[in-house]
Amino acid sequence: MNKKERIEAFADLILHTSKIPLWIYDKNYQLEYTSYPDDDYMGFDTLFQSQVAELLSSEDMTYVTTYAYSFLNLLWVLDFELKNDKLDKIYVIGPTFTSENSFNELKNRMDERGLSVQVKAIVSRQLNRMSIIPHTIISNYAQQLHYLLHGDLFSYADINILSNCSQSPDSTSMTSSSHLGIWASEQAFLKLFSEGNPDYKEAMNVSSSLSDGVKHNPKDSIRFAKNNLLVLLTLLSRAAISGGVSPGLAYDLCDYYADRSEACTTMSEVTTLIHEIPEVFFSHVVQAKENLGISKFIQNSCEYINSHINEKISISELASKAGYSEYYFSRKFKNEMGCSVNEYVTREKIERAKVLLESTNTSILDISLELSFNSRSYFSDTFQRIVGMSPGEYRKRNSKV
């Protein structure tokens, strides 16, 4: 069986098991193939052209596995084939709803708009032809397609998320009433996490595939996703403490990200935090293990710096908290950490800035203000000196949103 036949067999499989079609477009977004079985496929093609194709035209677009959310509360999963490092083909799974919540939300919005019965009937007929597929199943299909195209599996941390909506479908819909194996899989990934083992990512993916989180349906997909994010946040903060991170720092970070979670208004923002939070907590676990030979009061000072990284931090304040003179504290800090207090604070602020540049759409000016730099130009110059490129270039190369 050649590659084309394998792709068509895969398309036939997902169509008959989940009633979800596969589409293949050329580099100009012209439809080459679809497994959609009926003659009205042009409506779905038009939907793709109007909702997704424009998102792919960005100069910053990276051709990795992509989840595209539209303002119609729908999800497309995309993968790409390149030829001579240029886009050649686009493979599309969808569109689909990822939970009953997202389907009901869209129908409710139609009611709110006061559409005529005839218009609502036409739209509802089209919507009823779309499947409601749990996010974990969609992710499995995405992995299978990627393997057929590239011969390997992608990391969920590298998924590209595109959105042109003010509210996106739920990425954490429930799939099973059984809890069999969930606790064991959670313990496996939390153990790796607390040990500072980067393999925790794959173990976390396995755990996520067994459960979509809290078995509570609030009829609000954003609220549902936030609830599950808070559960993940709690688990990771406690695992970080087990891994050597001080309870004070872990709880401070937990409070910080809980506030950011509540401020989210779109599914893409919640998904961004799902990627960011494990990386930040894990970096502190690794750092805690590297700091085993550092005195307790210097460790406490570093933890205070990290938990107050958005503030202006003075040497006199740190020395006072440690109970030493500024001179003794500064000398002790440099002897143990290999850099001055100010250098450490600046480095940690830049590390936090890198996370924000990678995982949010926050402007560079707002990031510089959030991290208490005196100006955007000073922030950019400092970032360039430490990282070797400007904040804008770093975001262009590493953005996950």
Residue 30: net charge of surrounding residues, Cβ under 15 Å, Lys/Arg +1, Asp/Glu -1, itself excluded? -3
List the trypsin sites (Lys or Arg not before Pro) within the range 222-290 that fall in a DSSP loop (any state other than H, G, I, E or B) and whose Cβ has at most 10 other Cβ atoms within 10 Å. none
So if I take the centroid of the Cα atoms in the range 266-331 and the same for the range 12-58, what is the distance between those two points in Å? 48 Å
For the range 291-401, Rg(Cα) over 2.2 N^0.38 Å is 1.15
Cβ under 11 Å from residue 317's Cβ, residue 317 left aside: what net charge do those residues give with Lys, Arg +1 and Asp, Glu -1? 0
Provide the net charge surrounding residue 333, with neighbours chosen by a C-beta distance below 11 Å and charges set as Lys +1, Arg +1, Asp -1, Glu -1. 0
In nanometres, what is the gap between the two model label sites at residue 27 and residue 374, each 7 Å from Cα along Cα-to-Cβ? 4.9 nm
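Throughout, read-outs are computed from the coordinates displayed, never taken from laboratory work. Small disclaimer: the values here were computed from a predicted structure and weren't measured. In this analysis, Cβ positions are derived from the backbone assuming ideal geometry, glycine residues included, and neighbour counts consider all displayed protein chains.
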